[in-house]
Amino acid sequence: MPDPPVLVITDRTQAAVPLPELADILFAAGLRWLSLRDKDLEVGERAALARALVARARPWGAVVTLHGDPALAAAVGAAGVHLPDGGDGCDGGEVAAARALLGPGALVGRSAHDGAGLARAAAHGADCATLSPIFPSASKPGYGPVFGEVGLSRAVSESRLPIVALGGVESAEAVTRCLRAGAAGVAIMGQAMRNPWAIADALAAAPRR
């Protein structure tokens, strides 16, 4: 997992500046892990944006992953991919296919929203899993129920995978609470998009390992 263990997930609809410029701000502040979501973009436009972000990351030694499309991640030189939870019918082939495309060193993550999702991600060979929502989220109001610190701590104790806490992580205090509950990392979206200049506070709460 990248160090410091803070992942920023993109949402250009909330971004204060265009995403390549926003990436520059985040990387200069110390972020080393950015994932391009924005799955509504046309493939060519998304590929161009991904290549721009990968290029912005390179001088900082940062990694860019891509949500949901291993083939596109491979084509643009991304460091890995984040896959959705395939549900109970998922056989794990998506993780194996992603590794075949991206290579054995790729970072392959998976989304989870409950213990069963975490168990599937672990069984299928993912490197880590996001667990959400931890706290109420301004980006997805009403989404839940939330885990809170107690639920996150329980999930960590029951999972074999490193867990990245996602949802409502909007402050340095929230980052600290998640890490104290045992999360291996945290993921931030809305706050980092709206105010990328404040990412230094979140990074300070997640010191480098």
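The values are calculated or read from the model by the stated rules, or taken from the named source; none is laboratory data. Just so we're clear, the structure is a prediction, and the values are computed from it rather than from any experiment. All Cβ positions, even for glycine, are placed from backbone atoms using ideal geometry, and neighbour counts span all protein chains on display.
Here are the numbers for the structure shown:
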{"item": "Hey, residue 117 part of a loop (DSSP other than H, G, I, E, B) and either out of contact with any His (no Cβ under 7 Å at 6 or more places or on another chain) or loosely packed, with under 15 Cβ neighbours inside 10 Å (or both) or not", "result": "no"}
{"item": "Answer from 117, 109 - the residue that is in contact (Cβ under 8 Å) with a residue 40 or more places away in the chain, under 20 Å from residue 94 (Cβ atoms) and touching an Asp or Glu at 6+ places or on another chain (Cβ under 7 Å)", "result": "109"}
{"item": "Conditions (1) over 28 Å from residue 204 (Cα atoms); (2) touching a strand residue (DSSP E or B) at 6+ places or on another chain (Cβ under 9 Å); (3) surrounded by fewer than 23 Cβ atoms within 10 Å (Cβ to Cβ); number of the one not met by residue 95", "result": "(3)"}
{"item": "Extreme residue, surrounded by the fewest Cβ atoms within 10 Å (Cβ to Cβ), among residues of segment 126-167 that are of a type in the set (Gly, Ala, Ser) and at pLDDT below 95", "result": "142"}
{"item": "Scan of segment 1-32 for residues that are under 14 Å from the mean Cα position of the chain (by Cα) and touching a residue at least 60 places away in the same chain (Cβ under 8 Å), ordered by number", "result": "1, 2, 3, 4, 5, 6, 7, 8, 9, 10, 11, 31"}
{"item": "Matching residues, segment 52-68, being more than 12 Å from residue 35 (Cα to Cα) and either crowded, with 22+ Cβ neighbours inside 10 Å or of a type in the set (Lys, Arg) (or both)", "result": "56, 58"}
{"item": "Top-ranked residue of segment 1-44 - restricted to ones that are assigned to a helix (DSSP H, G or I) and touching a Pro at 6+ places or on another chain (Cβ under 7 Å), ranked as surrounded by the fewest Cβ atoms within 10 Å (Cβ to Cβ)", "result": "25"}
